[in-house]
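The values are calculated or read from the model by the stated rules, or taken from the named source; none is laboratory data. Predicted, not measured: the structure shown is a model, and the values here were computed from it. Heads up, the Cβs are rebuilt from the backbone with ideal geometry, glycines too, and the neighbour counts pull from every protein chain shown. Surface areas here come from the heavy atoms of the whole protein model, side chains and all, with no ligands, DNA or RNA. Shrake-Rupley method; radii C 1.70, N 1.55, O 1.52, S 1.80 Å.
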Amino acid sequence: MSLSVSASVLNRFNQATRREWLETNGLGGYASSTVIGTNTRRYHGLLVAATNPPIGRMNMLSKLDETLIIGGHRYELGCNKYRGAISPNGYIFQHAFEKEIFPTFEYHVDGAKLRKTIAAIHGENTTVITYEVLEARDEFWMELLPLTGRRDHHSLTQAHQMGNPVVSFNSETLCVAGQADIPNLFITVPGSDFATHNSWYYQFEYPVEQRRGGGDVEDLFCPGHFTVKMKVGSKLAVVVSIDPTEGRDGNWLIEQELKRRQKLVEDTRFEHPMMRQLALAADQFLVNREHGKKSIIAGYPWFADWGRDTMISLPGLCLATGRFEDARHILHSYAQWIDGGMLPNCYLDGKSEPTFNNVDAALWLFVATHQYLEATDDLGFVSEHMILGLEEILTRYEHGTRYHIRMDHDGLITAGADGVQLTWMDAKAGDWVVTPRRGKAVEINALWYNAWKIISKIYDRQGRPDAAAHSNQRAEAIRDRFIETFWNADRGYLADVVEGDHVDASLRPNQLFALSLPFPLLEENQAAAVLQVVEQHLVTPVGIRSLAPHDDAYRFRYHGDQFERDAAYHQGIVWGWLLGPYFDALIQVKGTWGKRQVVDQILGLQAHLQDACLGSISEIYEAEPPFFPRGCPAQAWSVAEILRVVQTHSLELPVEEVEHSLAAFIKRPERDRMLARAIGW
């Protein structure tokens, strides 16, 4: 699926800067910017290196701005947003942007046509930028201006706080020396000269950061500029890395990376262009850790690897794409990290030890293991590497572990501690846990039931009938109490949380898991009732609302500082990954007709692949039309759940022309709501 942005959009600054591209290197590092090369986030950069894979990310090279010197005239192709100005305005020369395998940019300038391609190289903190001259009347010169931040990717650089680094140029290679925790930066430009001028460019402004209520201005250091002669047929490959680049062939590196990605796509056996593009997106989230361990980055550009997100994403990213070895490595890695019956919640930048503040990641490990076994029939791996960890989780959850996670007298799981967020609805603003959900959460107990059903099935396959029967009895007892505890016949849906005599009847999507997990819990009429109320109040074209609009706590905007955003995060904001359980429920309840609905909605997402981060799917969206994408522009479980659903249910997506417009993106029922809650462009 070739994703393209036309000149009519590229030449309009505000429209163009809404669209981003992403390249990743399999270590947690990446390159990213907008389709016109204007950095609008502190996280944008041509080389953001993972110095302690997959974390310790450093923004080493923010930009490499080009100037063409043709017939004595200078044409600047770069485009930067400064405080109060846009300079230069090179986007007026950009004729096209496309992304199929790599992001490519085409410029038309004074009779010359120049194509730029950017690729992050798998397995190393290296970015290659190629320039190919497609047309030119005569030879011309190109200048390349490196702008460096050399800082943690969460922070911003201020000139007055930084000294000038040591700069050297030798054999076509620039070295900007590191200091303290900052690695060296190497840039090789074949056939180039370099003019050193050690200067600062001040007050780059990042509009997305401004909207997010944080620091949005920084200064960038420029060591000088490269000069290289170009002509028709020239193909210049610039290599940027934190490792020495002298003598490295950038053209060869990018060719090898192209072959690797093409093989990935072919191995998936997906035929539909959208699914092939999502298979490429899936590859971006799979990363290496220390000692050969594997994990999954939850989202780019700022998330690291999270236990919950990894387990939910694994079936779509690995199993649906045929990457069974990666799935084995990830499951084995996380099984080794079980501590007190719990899986790590996340690894944070700057910390070597994980946090364990979650109740559900360990239970999602059962689901991921089950789906791995169903896909591969690899009972030997599960018996050797997974079963003891799964048994430990059940034992510790039964008798109690951190944060008062334990089985109550009725056989259901209860959890909660002051000031701690344990479920996937985990926003915390300062000391305020926005959605504490203390007590018995509906999806946690649906997972608890599934954990016992899954281990019963494993025991049965191992030839252990007594253990299988006992585990199945435990599961059925949990199911009975689950329905007694959570089913609300008057409302026709499940309670969200029950704690003692208090029943939280907020209409949320968490009840979908009682329908969508491998072993559903509800009777047919109950499942149909839940699906009906979810469709009526929570479903949107891009995902599922986290809270019904009629609730007093409902918020449909996601903006402002961290506190404001966290206050809305799970209080109505739409989540893309929840389409997965919704689609499962649709198919379970409606059968063939449900599959048709799922296919129709998945095809509608093609428009989103042309927006936000091209070729990927966003984390969240505002909850009313036009459903602006927010949060991480590329989110693992949002991508994974579409891949999983299509593969698991053997859905056939027809190839058809899709009108990439807002009207095509928003279905009629939602468009009709626009007048009531419109927030405009």
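Which one of these is of a type in the set (Val, Ile, Thr), under 26 Å from residue 455 (Cβ atoms) and within 20 Å of the chain's Cα centre (by Cα): 376, 310, 321, 369?
310
If you check residue 32 against the conditions, is it over 17 Å from residue 201 (Cα atoms), modelled with pLDDT under 95 and of a type in the set (Ser, Thr, Tyr)?
It is false that residue 32 is over 17 Å from residue 201 (Cα atoms), modelled with pLDDT under 95 and of a type in the set (Ser, Thr, Tyr).
Hey, among 90, 149, 111, which residue is in contact with an Asp or Glu (Cβ under 6 Å, 6 or more places away or on another chain) and open to solvent by less than 60 Å² (accessible area, probe 1.4 Å)?
Only one candidate qualifies: 90.
Being part of a helix (DSSP H, G or I), open to solvent by less than 40 Å² (accessible area, probe 1.4 Å), of a type in the set (D, E, K, R) and in contact with a Lys or Arg (Cβ under 7 Å, 6 or more places away or on another chain), is that true of even one residue in region 566-579?
yes
Taking residue 620 as meeting all but one of (1) more than 14 Å from the chain's Cα centre (by Cα); (2) modelled with pLDDT of 95 or more; (3) buried (at least 16 other Cβ atoms within 10 Å of the Cβ), write down the number of the exception.
Only one criterion in (1) more than 14 Å from the chain's Cα centre (by Cα); (2) modelled with pLDDT of 95 or more; (3) buried (at least 16 other Cβ atoms within 10 Å of the Cβ) is unmet by residue 620, namely (1).
Condition check ((1) open to solvent by 20 Å² or more (accessible area, probe 1.4 Å); (2) in a loop (DSSP other than H, G, I, E, B); (3) of a type in the set (Val, Ile, Thr)) across all residues:
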{"site": "422", "(1), (2), (3)": "no, yes, no"}
{"site": "436", "(1), (2), (3)": "yes, yes, no"}
{"site": "525", "(1), (2), (3)": "yes, no, no"}
{"site": "532", "(1), (2), (3)": "yes, no, no"}
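Show the residue pairs that are 6+ apart or on different chains and have beta-carbon atoms under 6 Å apart, the first residue being within region 608-634 and closer than 14 Å to residue 281 by Cα and touching a residue at least 24 places away in the same chain (Cβ under 8 Å), the second being charged (D, E, K, R) and crowded, with 23+ Cβ neighbours inside 10 Å.
From residues that are closer than 14 Å to residue 281 by Cα and touching a residue at least 24 places away in the same chain (Cβ under 8 Å), the pairs are 613/20; 614/99; 615/99; 632/619; 633/20.
Which of (1) out of contact with any strand residue (DSSP E or B) (no Cβ under 7 Å at 6 or more places or on another chain); (2) in a helix (DSSP H, G or I); (3) free of Cβ contacts under 8 Å to residues at least 40 places away in the same chain does residue 417 not meet, given it meets every other one?
Only one criterion in (1) out of contact with any strand residue (DSSP E or B) (no Cβ under 7 Å at 6 or more places or on another chain); (2) in a helix (DSSP H, G or I); (3) free of Cβ contacts under 8 Å to residues at least 40 places away in the same chain is unmet by residue 417, namely (2).
Only residues that are without any contact (Cβ under 8 Å) to a residue 24 or more places away in the chain, open to solvent by 60 Å² or more (accessible area, probe 1.4 Å) and within 26 Å of residue 247 (Cβ to Cβ): list them for region 169-212, please.
Matches in region 169-212: 179 only.
Being within 23 Å of residue 302 (Cβ to Cβ) and open to solvent by 40 Å² or more (accessible area, probe 1.4 Å) is the filter here; which residues of region 213-232 pass it?
Listed by number, the list holds a single entry, 213.
Hey, can you tell me all the residues within region 538-562 that are of a type in the set (A, V, I, L, M, F, W, C), buried (at least 17 other Cβ atoms within 10 Å of the Cβ), assigned to a loop (DSSP other than H, G, I, E, B) and in contact with a Gly (Cβ under 9 Å, 6 or more places away or on another chain)?
Passing the criteria: 542, 547, 548, 556.
Say whether the condition of being part of a helix (DSSP H, G or I), open to solvent by 60 Å² or more (accessible area, probe 1.4 Å) and not small (Gly, Ala, Ser) is met by at least one residue in region 285-301.
Yes.
Considering region 385-403 alone, what residues qualify as being outside any helix (DSSP H, G or I) and either farther than 19 Å from residue 471 by Cα or at pLDDT below 95 (or both)?
401, the sole residue that qualifies.
Out of 252, 306, report the one residue that is open to solvent by 10 Å² or more (accessible area, probe 1.4 Å), closer than 30 Å to residue 173 by Cα and among the aromatic types (Phe, Trp, Tyr).
252
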